[in-house]
Amino acid sequence: MDILISEELDSPAIQKLSAKYKVVRQGGLWKNPAELKMAIAGARAILVRNQTQLTAEILAAAPQLLAIGRVGVGLDNIDLPAASKSGVVVIAPLDANAASVAELTLAFVLALARKIPQADRSTKAGGWDRKGCTGIELDGKTFAICGFGRIGRKVAVMARAFGMKPLVFDPFVKSDSPLLNETGASWVATLEEALAAADFITTHSPLTPETRHMFNARTFALTKRGAFFINTSRGGVVDEAALLEALRNGQLGGAALDVREKEPADGKSGLEQLDNVILAPHIGAFTTESQTRTFEAVAGDVDRILSGQLALNFVNMARPARS
């Protein structure tokens, strides 16, 4: 076997790989770690999205593995140190979905500010509740952007087009970073400062031990009362129980989540019953353009690695460090 696909993935780029290599598709394999461990033993490459957990134990069972193709950008489902130690190239086209996720973030901001979901439901039910659908303008509002990578920077530029004031918190960005001038964003040193000043809050942080539940009961209590919260990054950065309480007691005026602590969500968190909450099934990268770019980049690099060439979209090494 050349390539193992452990989730439901398909595209013209993968079809091209299938014409050149022996590709085994087992779309539900991610649900069974024991079966995954057996199947990956004979693979030279594996393609995953975000559901397959490639732990150190799984990777240790794959002596022939040369490359992991991550169809997306988050790497919290891949043990990157273990992959690097084993000499396995991890491929992830980090720029491919930035525009799509940033656009969805602004779509959520607009939907929350103008109560678009409520207006839609009310009008379809036969109502004409203009007063009940009174919203707020974005112009002049402070927008805290927590995480200032590729997506966060695009969000800042888009937010300025609406007259918003982007305010950046990112522990890896310094106050004199040229990225701030390029995007017209202001900088604060702490998350607490960002939350206290913001009318809207968005997070674009990776999920790490340090960022897990960074939005919790303590931090939500520091927000400006009635602020709006948006998460299109990783569900685990938010304590959903604390978010639910902040929404119920009015500390937050609304929230929009594209990602959840557990995916697929079971629909029983309590967030589903709140009118001021928008929920989506992790669709940030799901635009035609983003999916095309992502699949072509990943498939192209897997082909390069299996052909003895260098990967272009690698996050650890350009070529395998194993024979």
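The values are calculated or read from the model by the stated rules, or taken from the named source; none is laboratory data. Small disclaimer: the values here were computed from a predicted structure and weren't measured. Neighbour counts run over all protein chains shown; Cβ positions are idealised from the backbone, glycine included. To get the accessible areas, we keep the full protein, side chains included, count just its heavy atoms, and leave off ligands, DNA and RNA. Shrake-Rupley method; radii C 1.70, N 1.55, O 1.52, S 1.80 Å.
Could you please find all residues in region 122-135 being in contact (Cβ under 8 Å) with a residue 12 or more places away in the chain and open to solvent by 50 Å² or more (accessible area, probe 1.4 Å)?
Thr134 - this is the single residue of region 122-135 that is in contact (Cβ under 8 Å) with a residue 12 or more places away in the chain and open to solvent by 50 Å² or more (accessible area, probe 1.4 Å).
All but one of (1) among the aliphatic types (A, V, I, L, M); (2) surrounded by 24 or more Cβ atoms within 10 Å (Cβ to Cβ); (3) touching an Asp or Glu at 6+ places or on another chain (Cβ under 7 Å); (4) closer than 21 Å to Arg160 by Cα hold for Ala102, so report the exception by its number.
With respect to (1) among the aliphatic types (A, V, I, L, M); (2) surrounded by 24 or more Cβ atoms within 10 Å (Cβ to Cβ); (3) touching an Asp or Glu at 6+ places or on another chain (Cβ under 7 Å); (4) closer than 21 Å to Arg160 by Cα, Ala102 is out only on (3).
Answer with yes or no whether Ala189 is out of contact with any Phe, Trp or Tyr (no Cβ under 7 Å at 6 or more places or on another chain), of a type in the set (A, V, I, L, M) and within 30 Å of Glu272 (Cα to Cα).
No: the conditions fail for Ala189.
Output the residues belonging to region 1-12 that are hydrophobic (A, V, I, L, M, F, W, C) and crowded, with 21+ Cβ neighbours inside 10 Å.
Scanning region 1-12 gives Ile3, Leu4, Ile5.
So which residues in region 20-29 are surrounded by fewer than 21 Cβ atoms within 10 Å (Cβ to Cβ) and closer than 16 Å to Gly69 by Cα, if there are any at all?
Correct list: Tyr21, Lys22, Val23, Val24, Arg25, Gln26, Gly27.
Please determine whether any residue of region 46-57 is among the charged types (D, E, K, R), touching a residue at least 60 places away in the same chain (Cβ under 8 Å) and open to solvent by 10 Å² or more (accessible area, probe 1.4 Å).
No, that holds for no residue.
Anything in region 158-171 that is surrounded by 15 or more Cβ atoms within 10 Å (Cβ to Cβ) and not in a loop (DSSP other than H, G, I, E, B)? List them, or say none.
Those that are surrounded by 15 or more Cβ atoms within 10 Å (Cβ to Cβ) and not in a loop (DSSP other than H, G, I, E, B): Met158, Ala159, Arg160, Lys165, Pro166, Leu167, Val168, Phe169.
Considering (1) outside any loop (DSSP other than H, G, I, E, B); (2) open to solvent by 50 Å² or more (accessible area, probe 1.4 Å); (3) among the aliphatic types (A, V, I, L, M), say which one Ile151 fails and leave the rest.
(2)
Tell me the residue from Arg212, Arg225, Arg234 that is surrounded by fewer than 21 Cβ atoms within 10 Å (Cβ to Cβ) and under 30 Å from Ile78 (Cβ atoms), please.
Just a single option satisfies the conditions, and that option is Arg212.
Mind checking which residues of region 72-91 are among the acidic types (Asp, Glu) and surrounded by fewer than 18 Cβ atoms within 10 Å (Cβ to Cβ)?
Asp76
List pairs: first in region 136-161 and at pLDDT 95 or above, second assigned to a helix (DSSP H, G or I) and open to solvent by 70 Å² or more (accessible area, probe 1.4 Å), Cβ under 8 Å, 6+ apart or cross-chain?
Arg153/Glu182; Met158/Glu103
Here are some residues: Ile278, Ile283. Which one is part of a strand (DSSP E or B), over 19 Å from Thr211 (Cα atoms) and either open to solvent by less than 30 Å² (accessible area, probe 1.4 Å) or of a type outside the set (Asp, Glu) (or both)?
Ile278
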